[in-house]
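Notes follow the structure.
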Amino acid sequence: MYTNKKNVLELVALMKEHGIKDVVLCPGSRNIPLVRALSNTPYFHCISIRDERSAAFVALGICIREKRPCAVCVTSGSALLNTAPAIAEAFYQKLPLLIISGDRASSWINQMDGQTIEQNKIFTPFIQYETSLPEVFDNNSLWHCNRLCNEALLTLFAEDKGPVHINVPISDPFFAEDTENLPNVRVIQKISLNNFLTTLHNYKKIFIILGQEHETLKFNTQSIQLLKKHVVIIHEHLANVSGNHFIQNIDSLLLALNDQEKNLLQPDLIITLGGHFVSKQLKILLRNKNIAHANIINSNTISDLFCSLTYHIKSNTKDFFQTLIQFLKKNQNTTKINPHFVQHIYTLSQKIKEPILTDYNQISITGSLLKKIKKHDRLYLANSSTVRYAQLFTLPNSPYVQCNRGVNGIEGSLSTFIGASLKRNISTTTPKQNKKINDNSLDFLIIGDLSFLYDMNALYNTNYTNNLRILLINNAGGEIFSNLKGLSMTDKDETFIVAPHHFNVKGIAHDCNLTYLYANNAKSFNKNLKQFLKRDSNTSILFEVITTKKHDITYFKNYIKNLSTLLN
């Protein structure tokens, strides 16, 4: 029988799955559930050493002899501190020593309870990876515990080896043993790209999801046809995929479907590449659905966005597609790919229509500009509603697109835009405001009023040139917060959540020597848009467009409401 402490069971089961056989056990009380689970599992080779300092060095010696990880399990308090000398030695010898410590519940730390000290991150300078497992009470904490265990144990087998510390809080009472077997656990595997591709024969329905990329990705016609025959490729503007060959409107598509129809679109393998993506609907569709997930990333960091990560493949986007295309060419007649599933989703995507541009609102204003941007221009999107509304439209000329999606905050969008626009002029020794540029291309920023006001001091410098075009959509507050599903706000709530205001930025434009354009209706917008797009302006241009929050929200809701009719 095993303990009923699920964090202990998850760790012990994953140690077995990851092939960690050798364990040195030290006596104590708080680590009793760990000691019993390890010693009662025939797979493990366990030895007992009374002194923790010696035990850690014994484990170190086993690492050296066996050339594989060895664990040492200790109780709480000063017992853990005694392993420090061996940990430091393992760190500088690059040896995969695993330290497992039993711990008291975090609520008792620094409360004068016996053998209770701060054990999390206690060895930071000498550790390759350290974590304190959550106590498991629900599915979310179980997933979290599983992910942390996988991350820790995978680190032991990384190229840059070193000691790993897993701290295991165990609340009272902890002597009960009413579990017959170790649980079936989800094992995250680190495998090579070529080995991963051989697993594709096991899957019929594959999604490839491209996140944010800083380099443009291009495919030739033959590759596009081959990929569209076998896999569903989903990307957003931030992925910077050249052309409009794959699915870019996934949010709109999913909003058009009912729950039953969405379930029919679920793949049996997800492959993610690049950085963040915006679509909330896609995350809802795929998260916690027990779908195999492979993350292609040029890093050792584990990213388990859908709570089902199966494969971690260290590679980059370009190499992945080159290898995948060659694989599909050789194996296109032997894969189990369901072509009807793939083509069905591409067909559905094509039926989704973009918002009409004749109405005057935040969305149509965004779309009107996007349709005018040229191939060699650069488009910057501020966070929140701006980047989401831009995704409702295709970009016919595939300009380069950027947004601060690392953390998704609204601060710094204007400053980042200013900084990025300077890069092409870096060869000039003394950049001056209004300096002419050579390539006739433009840098566009679409930004909302709160983001702009937050970061408006970015304009008070003299380094930017005449190629900047800033479209400020001002609807006097955080419109997207008014549109949160399930949120009902009072007037007081709106004051503090939406942050309504009555500012305009004409004075700022004047102070910064920017050409200022203004629109508050369709006629003035269309007239000034032509001047905004001129490429021979002597100054950069700030175009402030005034819309109404209520109408912006109503238009968006009506657009979503009418989407389902397009698929009938």
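The values are calculated or read from the model by the stated rules, or taken from the named source; none is laboratory data. A quick note: this is a predicted structure, and the numbers were derived from the prediction, not measured. Glycine gets a Cβ as well: all are built from the backbone with ideal geometry, and neighbour counts include every protein chain shown. Remember, those area values only see protein heavy atoms, side chains included, never the ligands or the DNA or RNA. Shrake-Rupley method; radii C 1.70, N 1.55, O 1.52, S 1.80 Å.
Close amide H partners of Gly211, meaning residues 5 or more places away or on another chain with modelled amide H under 5 Å apart, are Leu273, Gly274, Gly275. Rounded to the nearest 10 degrees, the inclination of helix 139-155 to the longest alpha-carbon principal axis of the chain is 70 degrees.
Candidates Ser279, Ile313, Asn258 compared by Cα position along the dipole of the stretch 247-403: farthest toward the positive end lies Ile313, with charges placed on Cβ.
Placing R0 at 22 angstrom, the Cβ-Cβ distance between Asn440 and Asn513 gives a FRET efficiency of 0.55 after rounding to 0.05.
The fraction of Cα-Cα pairs per 10 angstrom bin, counted from 0 for the stretch 148-274, comes to 9, 26, 27, 21, 13, 4, 0 percent, rounded to whole percents.
Projecting the Cα atoms of Asn474, Leu445, Ser101 onto the charge dipole of the chain, computed from C-beta unit charges around the Cα centre, puts Leu445 farthest toward the positive end.
The dipole here belongs to the chain: it is taken about the Cα centre, uses +1 on the Cβ of Lys and Arg and -1 on the Cβ of Asp and Glu, and is about 2320 debye. The H on the amide N of His45, modeled in the peptide plane, is under 5 Å from the matching H of Asp22, Val23, each at least 5 residues off or on a different chain. Excluding ligands, DNA and RNA, the accessible surface per residue across the chain is 46 Å² with a 1.4 Å probe. Principal axis extents of the C-alpha atoms in the stretch 290-364 (largest first, rounded to whole Å): 47, 35, 28.
Mean projection of the alpha-carbon convex hull of the chain over all orientations, in nm²?
Working: hull surface 126.3 nm².
Averaged projected area of the chain's Cα convex hull equals 31.6 nm².
Between the amide H of Arg30 and those of Ser76, distances stay under 5 Å, these residues lying 5 or more places away or on another chain, with hydrogens modeled in the peptide plane.
Based on DSSP H segments of at least four residues, each scored -39500 (n - 2.57), the chain has a per-residue ellipticity at 222 nm of -10000 deg cm²/dmol.
Here the calculated FRET efficiency for Asn120 and Thr334, from their Cβ-Cβ distance with R0 = 41 Å, stands at 0.25, rounded to the nearest 0.05. Applying the Karplus relation 6.51 cos²θ - 1.76 cosθ + 1.60 with θ = phi - 60° to the stretch 552-564 yields 3J(HN,Hα) values of 4, 5, 4, 4, 5, 5, 5, 4, 4, 4, 8, 4, 4 Hz, where x marks Gly and Pro.
Out of all Cα-Cα pairs in the stretch 4-146, roughly what percent, to the nearest whole number, are more than 23 Å apart?
Details: 3215 of 10153 pairs.
Summing the P(r) of the stretch 4-146 above 23 Å gives 32 percent of all pairs.
A DSSP coil position with no more than 13 other Cβ atoms inside 10 Å describes the following GluC sites (Glu not before Pro) in the stretch 61-131: Glu118.
In this calculation the C-beta distance from Thr301 to Asn244 is compared with R0 = 25 Å, giving a FRET efficiency of 0.20. Couplings for the stretch 509-526, taken from phi via the Karplus curve 6.51 cos²θ - 1.76 cosθ + 1.60 with θ = phi - 60°, read 4, 5, 4, 9, 6, 9, 5, 10, 10, 9, 8, 9, 7, 4, 5, 5, 5, 4 Hz in order; Gly and Pro are left as x. Residue by residue through the stretch 291-307, which ³J(HN,Hα) values in whole Hz follow from phi under the Karplus form 6.51 cos²θ - 1.76 cosθ + 1.60 (θ = phi - 60°), with glycine and proline marked x? Result, rounded to whole Hz: 9, 4, 9, 10, 10, 9, 8, 8, 7, 8, 6, 7, 10, 10, 4, 9, 6. Taking the chain as the reference, fit the longest principal axis to its C-alpha atoms, fit the long axis of helix 84-93 to the helix C-alpha atoms, and give the angle between the two in degrees, 0 to 90, nearest 10. Orientation of helix 84-93: about 60 degrees from the principal axis.
Please give the charge dipole size of the stretch 1-61, origin at the Cα centre, charges +1 on K and R Cβ atoms and -1 on D and E Cβ atoms. Round to the nearest 20 debye. Show your work: numbers first, answer last.
Details: 8 positive and 5 negative charges, 36 e Å.
Here the size comes out at about 180 debye.
Each Lys and Arg adds +1 at its Cβ and each Asp and Glu adds -1 at its Cβ; summed about the Cα centre, the stretch 218-355 shows a dipole of about 320 debye. For the stretch 242-314, the convex hull spanned by the alpha carbon atoms encloses 105 Å³ per residue. For the stretch 195-249, the alpha carbon positions stretch 31, 22, 22 Å along the principal axes, listed from largest to smallest.
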